[in-house]
Each structure stands twice: as structure tokens, then as C-alpha cells.
Amino acid sequence: MSRGRFITLEGGEGAGKSTQEAMLAQSVTDRGYRVVRKREPGGTPAGEAIRHVVLSPESDGLDARAEALLFAAARGEHVARVIRPALERGDVVIQDRYLDSSVAYQGAGRVLDAGEIRALSLWAAEGALPDLTVLLDLDPARARARLDADDKPFDRLEAEREDFHSRVRDAFWTLAADEPERFLVVDASQPPASISAALQARVIPLLSAGSDDVEG
Ligand code: Z5A
């Protein structure tokens, strides 16, 4: 698909994805690479509109399959309009959440078929998979304590019960075990600088390696 590199960050709420995305983007930029920073759902006008629908408490009770389709629709639009063109330009795309979030949240969280959810996203994204996915693993109770300290209102998925977030964490573990070559699993209870060092140790060599195509 590309000459660029596609790096995603995954994990439960409050695991530190946004924090690490910013630190990684800075270190990659400092090395002279052109970085495109993205998040899902979102990244296009239609994607941001879908983000509002899926995360807003106004959508309370949204059907699980409708929710899965909306995340996949936002992803399809994002890949087609933003990610694929950036990778074709040779940019480094660093993104907060991607299709593994759908498998974990809509598959395990909402108890839909994980294989179908993955296939739906791959269809929407025409097969685009990251070169590297960083899984920031953190006990949901500890993550919740971080978010409580932030004192920001919870979105519709963050407001789900503890068992929902435990299923999500287990699903991320399963995904990482199934594709060990794509995933880097990091203990997210460490200080931010230690986590960032682990990410850089894996990412920087990947950037200078030969330009293998991203699947898709
Ligand atoms: N979702 C889905 O269901 N299906 C999908 O396909 C996709 C998404 C793509 C998107 O929310 C929601 O959509 C998400 C999954 C669902 N909902 N949930 N749950 P989002 O992207 O807006 O929010 P989030 O992913 O849940 O992220 P977050 O809550 O903003 O957390 P974070 O980005 O992982 O963490 P952070 O903002 O970097 O840090 C949180 C706090 O912890 C903050 O005060 C930091 O200063 C602190 N922090 C960060 N790192 C550390 C360390 N290492 N030690 C101590 N404190 C730290």
C-alpha cells in the first residue's frame, strides 16, 4: 500500500495513549520524519460527526451492530481520505486507536463476533493494517482513577461498567498474542518517560528499515 509507516496506539481508556502519541510524534519529528497525527473515530468531517454520535450520551442505548457499523464507516472514510494518501506520500502516521479498538470494544465489550467485526473493519479500510501497534496495558481500575483525577465527563463507552472494560482488556491481550509481530505490549503503569523510551526503541528502527508495503 505505501512507502510510509502506520503506527497505532491501543489500550483501554486512560492507559496513556494520547500522552504517548504526543511524545512519540515529537521524537519522530525530531529525527526529521514527516509525521501525521490522527485519532479514531474522527479525522475527517464525516468522521468527527460520527464521533459525536457514537460517544455522546445522547446516543444512550444505541444498538450494538449500529455502533459497530458507525465506527467502521468512520474508519473507511479516514483511511480513504487521510491515512492512505499520507502513507503514499511517505509520511509516518501515528494514530490513537484503530481497528483493534473495534474488535475489543464492539467485539468483546458488546459481545459481537470478533471475526465479523474485524472483517467489517478490514473491508471498510480495504485491508489496511498498521506496521506496528502499541498496546498500552493497564488495569481498568487504575485507569479509571487517572480519569477520575482529570475530572472530565465520561463519554458513552467510558461510562460502561467494570466488566465491560475487563472484557476489553482481555480482548486486547488476545489480539496481541495472535499477532506478536505486529504488536508491542507495554506495561502502562510505568512512568511516561519509561514507556516512551520503550516505544522509541521499537519505532525508530522500523522507520529506517526497508520500505515493505503495509498490508492491503
Ligand atoms: N472506540 C470504540 O469503541 N471502537 C472503536 O473502533 C474506536 C473507539 C476507534 C474513544 O475515546 C472511545 O471510542 C473509546 C473507545 C471507543 N472509549 N472508551 N473507553 P477517546 O479516544 O476520546 O478516549 P480514550 O481512548 O478512552 O482515551 P482517554 O480516556 O483520553 O485516555 P488515554 O488517551 O489512553 O490517556 P491520556 O489522556 O494520555 O491519559 C489519561 C490521564 O492519565 C491523564 O491525566 C494523563 O496525564 C495521565 N497519564 C498518562 N500516562 C500516565 C502514566 N504513565 N502514569 C500516570 N499517569 C499517566
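Quick one: in region 146-178, which of the residues that are touching a residue at least 40 places away in the same chain (Cβ under 8 Å), among the acidic types (Asp, Glu) and not in a helix (DSSP H, G or I) is nearest to residue 14 (Cα to Cα)? Ranking the candidates gives 158 first.
Conditions (1) of a type in the set (Asp, Glu); (2) within 14 Å of the ligand (Cβ to nearest atom); (3) surrounded by 15 or more Cβ atoms within 10 Å (Cβ to Cβ), marked per residue:
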| site | (1), (2), (3) |
| --- | --- |
| 150 | yes, yes, no |
| 163 | yes, yes, no |
| 169 | no, yes, yes |
| 205 | no, no, no |
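Residues in region 10-21 that are surrounded by 15 or more Cβ atoms within 10 Å (Cβ to Cβ) and near the ligand (Cβ under 8 Å from one of its atoms): 11, 12, 13, 14, 15, 16, 17, 19, 20, 21. Applying the set (1) within 15 Å of the ligand (Cβ to nearest atom); (2) at pLDDT 95 or above to residue 57 leaves exactly one unmet item: (2). Residues that are in a helix (DSSP H, G or I), closer than 19 Å to residue 83 by Cα and touching a helix residue (DSSP H, G or I) at 6+ places or on another chain (Cβ under 9 Å) within region 8-25 comprise just one, 24. If the condition is being near the ligand (Cβ under 7 Å from one of its atoms) and under 17 Å from the mean Cα position of the chain (by Cα), then region 178-192 contributes only 188. Of all positions in region 184-198, none carries a residue that is under 30 Å from residue 62 (Cα atoms), hydrophobic (A, V, I, L, M, F, W, C) and free of Cβ contacts under 8 Å to residues at least 24 places away in the same chain.
The rows are residues; the columns are (1) assigned to a loop (DSSP other than H, G, I, E, B); (2) among the charged types (D, E, K, R); (3) under 14 Å from residue 98 (Cα atoms).
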{"site": "42", "(1), (2), (3)": "yes, no, yes"}
{"site": "52", "(1), (2), (3)": "no, no, no"}
{"site": "58", "(1), (2), (3)": "no, yes, no"}
{"site": "65", "(1), (2), (3)": "no, yes, no"}
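Looking at the structure I just gave you, is residue 28 over 21 Å from residue 110 (Cα atoms), away from the ligand (no atom under 15 Å from the Cβ) and either in contact with a Phe, Trp or Tyr (Cβ under 7 Å, 6 or more places away or on another chain) or assigned to a strand (DSSP E or B) (or both)? When the stated conditions are applied, residue 28 does not pass them.
The values are calculated or read from the model by the stated rules, or taken from the named source; none is laboratory data. Since this is a predicted model, take the numbers as computed values, not measurements. In this analysis, Cβ positions are derived from the backbone assuming ideal geometry, glycine residues included, and neighbour counts consider all displayed protein chains.
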